[in-house]
1. Amide H of residue 116 versus every other amide H placed in the peptide plane: which residues, excluding those fewer than 5 positions away on the same chain, fall under 5 Å?
2. Could you pull the accessible area for residue 194 with a 1.4 Å probe, rounded to 10 Å²?
3. When every alpha-carbon pair in the stretch 95-218 is counted, what percent end up more than 24 Å apart?
4. Which one, 117, 34, 143, has the greatest fluctuation when you compute a Gaussian network model over the chain with C-alpha springs under 10 angstrom?
5. Please give the peptides 42-50, 15-23, 212-220 ranked by average Cβ packing (other Cβ atoms within 10 Å per residue), highest first, as a rough proxy for protection.
6. How big is the stretch 7-69 on each of its three principal axes, counting only the C-alpha atoms and giving the largest first in Å?
7. Note down the magnitude of the dipole of the stretch 1-125 about its Cα centre, charges +1 on Lys and Arg C-beta and -1 on Asp and Glu C-beta and zero elsewhere, to the nearest 20 debye.
8. Using the Cβ atoms and a cut-off under 9 Å, what net charge is assigned to the surroundings of residue 145, where Lys and Arg are +1 and Asp and Glu are -1?
Amino acid sequence: AVKRFDLVNNGDRIAVACSGGKDSLLLISVFKQLQQREDLNFDFQVIHLDQRQPGFDRSTFDRSLERLGVHCEVIERDTWSVVEQKLKPGQIPCSICGRMRRGILNKWCAENNFNKLALGHHLDDAMETFFLNLLFGRRLDPLKAITPASISTTLTIRPLIFVDERKIRSWLIRSNLDAVACPVCDTFPRAKRRDIKGIIQQFTELNPEIYSSMEQAIYGPSSPWTKV
């Protein structure tokens, strides 16, 4: 994906967002390996947004980053109290929380001269987003590998966009790392994204190659969504 979409260039200053989950831990490992390439000359900084969410496992988070051998810049913003005030009965907080998080991270990148923000979205996320937008948003709008921010010049990049979630789970076990689950999202028994994930698993019974098929359909050479 880095080569295909030209995600990393010489001279880039990249903020690598880390929630502590398996995806962001792999993302950090990827950037450590990319930095060893002789044809790429860039800087990256791991950042974490502390949203004051109740129940966040800080000790496991710190231990995993220590094993990866990286310094993490912690940005402290109490967004959780704002999310609580905005939530309607039965509403899942993910969309509100996500919008606030992206705004804060983009603003921090602009203020600290980071021209790119790397997120750990993977192929499953892309497939789920595609179907969510199709079924509930009435539009064809998948995740892009690179997107501009609406409030700054920072570009969001997604280097894991071709990696399916099963491989990330396997990598986590082999790497002897412990991921931190979101203490809020995972407490909600029903969510549209979780339902879509189940539907995609059903699709694998019809077509075992559903992942490669969807990847080609969304991000193939003739796809209108391969550019910024």
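The values are calculated or read from the model by the stated rules, or taken from the named source; none is laboratory data. Note that the structure is a prediction, hence the values are computed from the model and not measured. Methodologically, a virtual Cβ is constructed for each residue, glycine included, from the backbone with ideal geometry; neighbour enumeration extends over all protein chains shown. Ligands, DNA and RNA are stripped out before the accessible areas are found, and what is left, the full protein with its side chains, is counted by its heavy atoms. Shrake-Rupley method; radii C 1.70, N 1.55, O 1.52, S 1.80 Å.
1. Those qualifying (amide H under 5 Å, at least 5 residues apart or on another chain) are 13, 15, 155.
2. Rounded to the nearest 10, the figure is 100 Å².
3. 37
4. For the chain, modelled as a Gaussian network with Cα springs under 10 Å, the answer is 34.
5. 15-23, 42-50, 212-220
6. Projected onto its principal axes, the Cα set of the stretch 7-69 covers 42, 21, 15 Å.
7. With Lys and Arg at +1 and Asp and Glu at -1, about 320 debye.
8. Details: positive: 4, 144, 158; negative: none.
Around residue 145, the surrounding residues sum to +3.
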